[in-house]
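The values are calculated or read from the model by the stated rules, or taken from the named source; none is laboratory data. Since the structure is predicted, the reported quantities are computational estimates derived from the model, not experimental observations. Positions of Cβ are generated from backbone atoms using ideal geometry, with glycine treated the same way; all protein chains shown enter the neighbour counts. Only protein heavy atoms, including side chains, enter the accessible area calculation; ligands, DNA and RNA are left aside. Shrake-Rupley method; radii C 1.70, N 1.55, O 1.52, S 1.80 Å.
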Amino acid sequence: MQALTVQPKTAESLGVEDVADPRRPPDELLVDGLAIGVCGTDKEIVSGEYGCPPKGRDRLILGHESLGRVAEAPAHSGFREGDLVVGVVRRPDPVPCAACRHGEFDMCRNGRYTERGIKERDGYGSQRWTVETEFAVAIDPALEAVGVLMEPTTVVAKAWEQVHRVGQRGYFDPRRALITGAGPIGLLAALLGIQHGLDTHVLDRVTNGPKPAIVEALGATYHADDIDDVTAKLNPDVIIEATGAAPVVFGAIAGTATCGIVCLTGVSPAGRRLRIDAGSLNRELVLENDAVFGSVNANLRHYRQAAVALASADKDWLASLITRRVPLHRAAEAFTEQPDDVKVIITLDSDR
Ligand code: BGC
């Protein structure tokens with residue numbers, strides 16, 4: 001079968017190659033891959049900045065945003081041939097640390113977790129793959145065209161869950177949310193903001209292309225002004241930061257309402273320097289009881305939350321996020337950004 005592979009930490013090593021068909025261990029599912037999504041992490045791996053192959057190997061099968069159809073399932077597993085499934089990205093560390101032992105591998109304490117398609121485990125970018133039944137999540141058959149959005153939705157489901165948990169440190173009745181960045185993470189975070197009943201705003205740089213209309217179609221408000229102007233106007237209770245761009249990150253931290261919460265989800269490149277007034281920033285955080293925290297990955301609870309969020313979202317709106325579908329044999333094209341890209345996916349079934 002064909003798989004999308006890369007040699008981590010080596011630029012220009014991406015390729016589609018023939019690999020052996022997977023053999024299904026007795027307690028796992030055998031899955032026909034339908035699609036994988038491409039995100040910033042995949043681009044970092046492909047450009048040689050991130051990722052780690054399985055032990056004893058040079059190459060890694062890429063792909064952590066998955067969607068597939070069950071080809072074979074163990075008896076009494078709760079899965080059946082034909083089910084649509086998504087594979088969980090992270091696996092607990094082998095120690096395991098206290099968080100992993102409690103099912104919170106997204107909060108792993110010792111960093112020895114593994115991640116499919118990212119860190120020491122092959123991903124889902126192959127025509128067939130296997131997955132442990134306890135790390136497979138069934139999704140609504142009606143979501144076939146958009147189910148590949150599940151993994152990024154788990155990331156924002158976790159972010160929102162954590163916002164609410166942080167909010168519970170005191171009286172919490174958020175009214176207005178600002179999402180910075182109208183990429184897939186930002187747009188899905190906005191979807192959840194709307195589903196939570198918040199007056200939701202999205203800030204991005206672009207003024208053309210599909211993003212403004214996607215935001216408006218959701219019932220949120222689009223902005224393309226300077227972060228400081230937007231926060232001054234909106235005074236948001238919650239900001240979900242999804243750009244990783246340093247000026248936006250610090251603008252967000254400084255720009256919430258009193259008792260505001262900022263959740264950082266964007267990964268920035270290292271080595272960028274920015275002059276900030278650290279004293280004023282600290283003063284504001286203290287005197288306003290503000291909270292700023294980072295959030296990454298997702299555990300099974302967040303997969304369940306994401307499944308509910310996707311099932312209750314408008315399917316056409318979700319489909320509007322997928323702006324390009326590239327077949328596996330032309331996968332390299334998915335990594336060359338085009339102006340109107342929002343979410344680009346690689347289809348795995350079109351070459352069969
Ligand atoms: C994935 C997460 C993962 C993170 C760091 C993100 O793109 O969505 O599941 O934990 O990268 O590797």
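A few points about this structure:
- Close amide-amide hydrogen proximity is noted between V326 and I345, I346, T347, each under 5 Å apart and 5 or more residues distant or on a separate chain (H modeled in the peptide plane; Pro and chain starts excluded).
- Relative contact order [Cα under 8 Å, 6+ residues apart], the stretch 186-267, whole percent: 25
- Residues A71 and N235, FRET efficiency given R0 of 45 Å [Cβ-Cβ distance, rounded to 0.05]: 0.30
- Here's the picture: charge each Lys and Arg Cβ at +1 and each Asp and Glu Cβ at -1 in the chain, and of L218, P22, L321 the one pushed furthest to the positive end of that dipole is P22.
- Each of the peptides 138-144, 262-268 was scored by the mean count of other Cβ atoms within 10 Å over its residues; in descending order, highest first, they stand as 262-268, 138-144.
- Kirkwood Rh, Cα atoms: Rg over Rh of the chain: 0.97
- Contact order relative to length of the chain, as percent, for alpha carbon pairs under 8 angstrom and 6 or more apart: 18
- Amide H to amide H distances under 5 Å link T180 with L203, I240, E241, A242, where only residues 5 or more positions off or on other chains count and H is placed in the peptide plane.
- Largest to smallest accessible area among H76, H196, H302 [probe 1.4 Å]: H76, H196, H302
- Applied to the stretch 82-98, the Karplus parametrisation 6.51 cos²θ - 1.76 cosθ + 1.60 on θ = phi - 60° returns per-residue 3J(HN,Hα) values of x, 4, 7, 9, 10, x, 5, 7, 9, 10, x, 6, x, 4, x, 5, 4 Hz, with x for Gly and Pro.
- With a Förster radius of 45 Å applied to the beta-carbon distance between V95 and L274, the computed FRET efficiency rounds to 0.75.
- Taking each residue as 0.36 nm, the span from Y171 to H329 lengthens on full extension beyond its C-alpha to C-alpha distance by 51.5 nm.
- The stretch 291-350 versus the stretch 211-238: alpha-carbon centroid distance in Å: 22
- Accessible area, probe 1.4 Å, largest first, for residues M150, M1, M107: M107, M1, M150
- Only the Cβ atoms of Lys and Arg (+1) and of Asp and Glu (-1) were treated as charged; on that basis the dipole of the stretch 1-87 about its Cα centre amounts to roughly 180 debye.
- When R205, R175, R128 are compared by accessible area of protein heavy atoms, the largest-first order is R205, R175, R128, using a 1.4 Å probe.
- Amide N proximity, the stretch 123-149 versus E17 label position 7 Å along Cα-to-Cβ, cut-off under 16 Å: 123-127
- Accessible surface of F105 - all protein chains present, 1.4 Å probe, nearest 10 Å²: 10
- Among the protein heavy atoms of the stretch 217-352, carbon and sulfur supply 51% of the accessible surface, probe 1.4 Å, non-protein parts ignored.
- The figure for W129 is an accessible area of roughly 10 square angstrom, using a 1.4 Å probe on the protein chains alone.
- Bridge type composition, the chain - antiparallel percent by DSSP, nearest 5: 55
- Scanning residues 5 or more positions from L67 or on other chains, those with amide H under 5 Å from its amide H are L34, A35, with H placed 1.01 Å from N in the peptide plane.
- Relative to the current alpha-carbon distance between D140 and S312, full extension at 0.36 nm per residue lengthens the span by 60.9 nm.
- Carbon/sulfur fraction of accessible area - the stretch 32-116, other protein chains in place, 1.4 Å, %: 49
- Debye, to nearest 20: dipole size of the chain, +1 on Lys, Arg Cβ, -1 on Asp, Glu Cβ: 740
- The stretch 1-146 - percent relative contact order, Cα under 8 Å, separation 6 or more: 30
- Solvent exposure of the chain, expressed per residue, is 45 Å² of accessible area, with all protein chains present and a 1.4 angstrom probe.
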